[in-house]
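Here's a structure for you.
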Amino acid sequence: MQNLRTQELAKILSDASLRGFDPYFSAAQDALVETARAVTRFQPFNSSHEGFAVLQEEVHELWDAIGSNDLVEAREQAIQVAAIALRFIAEMPPTKKYEPREKEDSCRS
């Protein structure tokens with residue numbers, strides 16, 4: 001399964017339309033470093049409710065930084081939001097296989 005994901009990622013990244021994707025790799029690296037730090041400091045989430053509460057707290061801190069127009073702090077908080085989201089994905093057992101959605105007009109990602 002992991003090898004299939006690696007192959008799929010390599011195929012996607014070789015697509016010429018992804019030129020200029022370096023800032024996203026850098027952001028993902030920052031999020032992974034923060035995830036590793038959090039995993040070594042804190043126990044796994046006990047439930048999806050706990051994971052959601054921690055994620056919600058980080059989003060609130062991001063919103064506060066945005067409201068203060070502190071973009072340096074907002075970036076740091078966004079990295080923490082991403083790290084908690086990664087922990088949530090990794091620590092909550094999936095109930096079904098993830099299937100990527102087709103691009104939708106309402107989706108900004």
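The values are calculated or read from the model by the stated rules, or taken from the named source; none is laboratory data. Since we're looking at a predicted model, the values are computed, not measured. Cβ placement follows ideal geometry from the backbone for every residue including glycine, while neighbour counts extend to all protein chains displayed.
Look at Ser26 and say whether it is at pLDDT 95 or above and either farther than 17 Å from Met92 by Cα or hydrophobic (A, V, I, L, M, F, W, C) (or both). Talk me through it step by step, then tell me what you get.
Details: at pLDDT 95 or above: no; either farther than 17 Å from Met92 by Cα or hydrophobic (A, V, I, L, M, F, W, C) (or both): yes.
Considered against the rule, which asks whether it is at pLDDT 95 or above and either farther than 17 Å from Met92 by Cα or hydrophobic (A, V, I, L, M, F, W, C) (or both), Ser26 comes out as no.
Right, here's the next one. Within the range 52-106, track down each residue that is modelled with pLDDT of 90 or more, at negative phi and outside any helix (DSSP H, G or I).
Filtering the range 52-106 down to residues modelled with pLDDT of 90 or more leaves 52-91.
Still in the running and at negative phi: 52-68, 70-91.
Residues satisfying the conditions are Ser68, Asp70.
Test each condition in (1) modelled with pLDDT under 75; (2) loosely packed, with under 10 Cβ neighbours inside 10 Å for Ile12 and report the one that comes out false.
Unmet for Ile12, out of (1) modelled with pLDDT under 75; (2) loosely packed, with under 10 Cβ neighbours inside 10 Å: (2).
Of the conditions (1) among the hydrophobic types (A, V, I, L, M, F, W, C); (2) surrounded by 12 or more Cβ atoms within 10 Å (Cβ to Cβ); (3) under 19 Å from Pro93 (Cα atoms), Phe42 fails just one. Which one is it?
Here Phe42 meets the rest and fails (2).
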